[in-house]
Amino acid sequence: MRFEPTLTGYLDERTLGRIDAILRESPERPTDVFYRAGAERPYLGRHGLLKTGIAMRRLMADRGVDLRCGRTLRDRLLAQGLVDVQAEGTISVWHGGSPGAALIRLSYEQLAEPMIQGGYLSEADLIADLARLEDPAMAFPSPILWSVRGRRPTLT
């Protein structure tokens, strides 16, 4: 078995600089850098989640949207008696200026007023995030696309 240095997650430039400094001191040392994010994930810099995305999810949850719906679809189909139920979740990395970034931008613009008026986000943070969505250097995870399938049991 072989272990390689692994970087998981998205880190801000300051943290990346600190990691680079450590690696320069001990380039032969295997390194594993990771973080665990809970339901309320923090802003993570140029690569990662935008403050507006976090605010949008909080607003939606507060208004009753089930943000975990896709994760529960498999169990829902099983509860309906379907068999051979399978579920897949697909995620992509989208970049600023892409069609995916344009889709996210539309969502942010549509919910801008309630997010700002509700105190979920400042107008300055919204404006900064909208600009980041145009920056090709920006990379962020897409929403998860869930695909769940099953079949009715055969009658015997």
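The values are calculated or read from the model by the stated rules, or taken from the named source; none is laboratory data. Predicted, not measured: the structure shown is a model, and the values here were computed from it. Positions of Cβ are generated from backbone atoms using ideal geometry, with glycine treated the same way; all protein chains shown enter the neighbour counts.
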Residues of segment 125-148 being part of a strand (DSSP E or B) and either touching a Leu at 6+ places or on another chain (Cβ under 8 Å) or within 20 Å of Met115 (Cβ to Cβ) (or both), which ones? Phe140, Pro141, Trp146, Val148
Yes or no: Ala61 touching a His at 6+ places or on another chain (Cβ under 6 Å), surrounded by 13 or more Cβ atoms within 10 Å (Cβ to Cβ) and at pLDDT below 95? no
With respect to Asp75, is the statement that it is without any contact (Cβ under 8 Å) to a residue 60 or more places away in the chain, assigned by TED's automatic domain parsing to the domain that holds Ser147 and farther than 30 Å from Gly118 by Cβ true? yes
Return the residue satisfying two criteria in turn: it lies in segment 89-103 and is over 20 Å from Cys69 (Cα atoms) and in contact with a strand residue (DSSP E or B) (Cβ under 7 Å, 6 or more places away or on another chain), and of such residues it is surrounded by the most Cβ atoms within 10 Å (Cβ to Cβ). Ala101
Could we say that Gly81 is at positive phi and either modelled with pLDDT of 90 or more or not in a helix (DSSP H, G or I) (or both) here? yes
On the basis of being within 28 Å of Gly17 (Cβ to Cβ) and surrounded by 13 or more Cβ atoms within 10 Å (Cβ to Cβ), does Ala128 make the cut? yes
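Check Leu106, Leu82, Leu111 and return the single one that is in contact with a strand residue (DSSP E or B) (Cβ under 9 Å, 6 or more places away or on another chain) and either within 30 Å of Ala137 (Cβ to Cβ) or surrounded by 11 or more Cβ atoms within 10 Å (Cβ to Cβ) (or both).
Leu82
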